[in-house]
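First comes the structure, then the notes that go with it.
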Ligand SMILES: [Zn+2]
């Protein structure tokens, strides 16, 4: 079993794919809350994006994840629903505008292999939250991993400087373990990169 702190793979500009539009739906409650729990990015938002951070909720529902945004405690750009939810297998939720910096990583966090160890990661990243309890036996579904790869590929097409795909645990190892030891990181990497080889 791999350590979530080691979860990272990088995208090569030379392998940038062409993709159909992402199958996403705006989550109206999250989107409204995002006005109060996101920040303006510094500089051109399209050039700013360098990384995508993968999270898991440690909760069992989309509404539970959205409540964190409603309380203005944290935010993320997409939410991937769990197996027992109606959206599962169909679409992902867009929860905050990509042009805004969501609040998903602490400002003092960094990793030497991610954008040269820069801090203030929210300013130059996108956050994906996957609904999963992170408890033993609660597997991430194949569709969740496929949906996550589709978001990454969509962003890879759109953002010329996007390079690093990384776990929250790698960026904040003292406080966070998400997306957790159950997360099939190799499968995500394979599904993201496979069709470009
Ligand atoms: Zn996280």
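The values are calculated or read from the model by the stated rules, or taken from the named source; none is laboratory data. Here the structure is a predicted model, which means the values were calculated and not measured. Positions of Cβ are backbone-derived with ideal geometry, glycine not excepted, and every protein chain shown enters the neighbour counts.
Screening segment 50-65 for residues that are crowded, with 22+ Cβ neighbours inside 10 Å and not in a strand (DSSP E or B) and picking the one that is modelled with the lowest pLDDT gives 57. Of the residues making up segment 115-130, those that are under 26 Å from residue 182 (Cβ atoms) and in contact with a helix residue (DSSP H, G or I) (Cβ under 7 Å, 6 or more places away or on another chain) are 121, 126, 128, 129, 130. Here are some residues: 48, 34, 40. Which one is touching a residue at least 60 places away in the same chain (Cβ under 8 Å) and in contact with a helix residue (DSSP H, G or I) (Cβ under 6 Å, 6 or more places away or on another chain)? One residue alone meets the criteria, 48.
Restricting attention to segment 26-47, the residues that are out of contact with any strand residue (DSSP E or B) (no Cβ under 6 Å at 6 or more places or on another chain) and either more than 18 Å from residue 106 (Cα to Cα) or surrounded by fewer than 17 Cβ atoms within 10 Å (Cβ to Cβ) (or both) total 15.
Taking residue 179 as meeting all but one of (1) farther than 15 Å from residue 2 by Cβ; (2) within 16 Å of the ligand (Cβ to nearest atom); (3) touching a residue at least 24 places away in the same chain (Cβ under 8 Å), write down the number of the exception. So residue 179 meets the others, but not (1).
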